[in-house]
Amino acid sequence: MAIRNVRTDGNPVLREVCKPVAVVNDGIRKILDDMLETMYEKDGVGLAAPQIGIPKRMAVIDDRDGHILKLVNPKIVKSEGEQISTEGCLSVPGYRGKCKRPMKVWVEALNENGEEISFEAEGFLAVICCHEFDHLDGILYKDKAVEFERAEES
Ligand code: ZN
C-alpha cells in the first residue's frame with residue numbers, strides 16, 4: 001500500500017465527472033487499498049478516487065462505527081428524510097460547513113471483488129456516502145453548503 005497525494009480545491013480533476021470502472025482487477029484493488037491508507041493517514045472518514053487524481057468511480061469509507069467500505073461504481077438508488085450535516089473535506093483543508101443531506105440512503109455498488117452489493121446507510125454514514133459520491137460527479141460539499149466557514153484551529 002502507498003499513501004497518495006491528495007488533490008485540493010482548484011485542481012481540475014476534482015471537477016470531472018468520473019468514469020465507471022469497467023473491470024475490478026488487481027490494479028483497482030491496489031488503488032482502493034491506497035485510498036484507504038491515505039484516508040487513515042489524513043484522519044478522514046471517506047475518500048473518493050478523484051481526490052488522489054484518478055477520475056474513476058471509486059470511494060472508500062470508514063465511519064469509525066464499524067463500517068469500512070471499498071466501493072466501486074456506487075450509486076444512491078433511494079433516499080429518505082433530511083438532516084443538516086457538519087462536513088469537512090480533505091480536498092478543502094481548513095474549512096468546514098453544513099449541508100442539507102438525506103437522513104437515509106440506499107446504496108448499490110460493486111465491492112473490491114467485483115460483486116454486486118447493496119446496503120442502507122443512516123445518519124452519519126448516509127452523509128459520508130452522499131459527500132463521497134458527489135466527488136464522483138465533480139461536486140464538492142462547499143457547492144451545496146448552507147454554511148461554509150474557516151475551521152477553528154484545533
Ligand atoms: Zn470530500
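The values are calculated or read from the model by the stated rules, or taken from the named source; none is laboratory data. Predicted model, so just to flag it, every value in this text is computed and none were measured. So basically every Cβ, Gly included, is an ideal-geometry build from the backbone, and we count neighbours across all protein chains shown. The accessibility values were calculated without ligands, DNA or RNA, using every heavy atom of the protein model including side chains. Shrake-Rupley method; radii C 1.70, N 1.55, O 1.52, S 1.80 Å.
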Discussion item. Can you give the FRET efficiency to the nearest 0.05 for D143 and K19, using r as the Cβ-Cβ distance and R₀ = 30 Å?
Written reply: 0.90
Worksheet entry | Long-range amide H partners of V6 with built H, under 5 Å | none
Worksheet item: If you roll a 1.4 Å probe over region 1-79 with all protein chains in place, what percent of the accessible area is carbon or sulfur?
Response: 49
Worksheet entry | Relative contact order computed over region 73-154 (Cα-Cα under 8 Å; 6+ residues apart), in percent | 33
Fill in: Derived scalar couplings ³J(HN,Hα) [region 103-118; Karplus, 6.51 cos²θ - 1.76 cosθ + 1.60; whole Hz; x for Gly, Pro]
6, 9, 10, 10, 10, 10, 7, 9, 8, 6, 9, x, 8, 6, 10, 9
Worksheet item: What is the chain's relative contact order, in percent, from Cα pairs under 8 angstrom and six or more apart in sequence?
Response: 25
Worksheet entry | Approximate spin-label separation K75-N5, in nm, with each point projected 7 Å along Cα-to-Cβ | 3.3
Response to the item:
A student applying the Cα gyration tensor rule (rounded when a/c is under 1.5; otherwise prolate if a/b is larger than b/c, oblate if not) would label region 1-100 rounded
Worksheet item: Going down the table (K30/K144; K75/K144; K42/K78; K30/K142), which pairs top 25 Å between alpha carbons?
Response: K30/K144; K42/K78; K30/K142
Discussion item. Among 52-60, 132-140, 77-85, how do they line up by average Cβ neighbours within 10 Å per residue, starting with the highest?
Written reply: 52-60, 132-140, 77-85
Worksheet item: For region 35-40, in order, what is each residue's ³J(HN,Hα) by Karplus, 6.51 cos²θ - 1.76 cosθ + 1.60 with θ = phi - 60°, in whole Hz (x at glycine and Pro)?
Response: 4, 5, 5, 5, 4, 5
Discussion item. Suppose only helical runs count, i.e. DSSP H with n ≥ 4. What mean residue ellipticity at 222 nm does that imply for the chain under -39500 (n - 2.57) per run, divided by all residues and rounded to the nearest 500 deg cm²/dmol?
Written reply: -6000 deg cm²/dmol
